[in-house]
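A short worksheet on the structure shown next.
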Amino acid sequence: VLLCSLSHNNVTLIYYDGSPTPSLFALIIGINKYADPSVPYLLGAVNDAIAVEHFLVSNASLAKNRIIILRDEQATQDGIMSAMRSLAYNSAIGTQDPILIYYAGYGSEVASPITTNISDGTIQMLLPYDFESKGSKGAQGQGVLYPEISQVLAEVAMRKSDNIVSDFRIAFSF
């Protein structure tokens, strides 16, 4: 069992049952600039991602080899989905290890191809670096849809740890 105390400048982890110490693994994504010039430059998303990485390394003593960080051009649709999928097959991640997925960048909604009684007719998505705001003919240039993320995270939970926290800092204003 793990007790965790967080404050602005300090993280205290206390293990009291003698179990193996789980070690956090983090995927951190920050996108300020997008390939599509009609998508406005964001101020602060990459800095926020860097701050999360710095906090985990400096305050939580997390080893840098337990962090995947994608910034701007690295955070394409393929890059984001590949990084998420890799969590399910990463031998460094144990079955009890907590996993953090942090995203700072644009998000949006699209019309859902199906309607359910729990849907408002839209699907939310993260906008990767290579998102095309005017649409694209193929998968390239599309957003990362929440149902796709959910499916990948279900596989991560089944193969590795179901202790997954996602923190999506989304800007919806463009």
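The values are calculated or read from the model by the stated rules, or taken from the named source; none is laboratory data. Being a predicted model, the structure only gives us computed values, none of them experimental. FYI the Cβ positions are ideal-geometry reconstructions off the backbone, even for glycines, and counts take in every protein chain you see. SASA here: full protein model, heavy atoms, side chains in, ligands and nucleic acids out. Shrake-Rupley method; radii C 1.70, N 1.55, O 1.52, S 1.80 Å.
Overview of results
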| read-out | value |
| --- | --- |
| Number of positions in the range 69-90 that are open to solvent by 30 Å² or more (accessible area, probe 1.4 Å) and among the acidic types (Asp, Glu) | 2 |
| Asn10 surrounded by 13 or more Cβ atoms within 10 Å (Cβ to Cβ) and at pLDDT below 95 | no |
| Some residue of the range 67-86 being assigned to a loop (DSSP other than H, G, I, E, B) and modelled with pLDDT of 95 or more | yes |
| Residue satisfying all of: in the range 18-54; without any contact (Cβ under 8 Å) to a residue 24 or more places away in the chain and within 20 Å of the chain's Cα centre (by Cα); most open to solvent (accessible area, probe 1.4 Å) among these | Leu43 |
| Any hit, the range 27-48, residues being modelled with pLDDT under 90 and within 25 Å of Ala157 (Cβ to Cβ) | no |
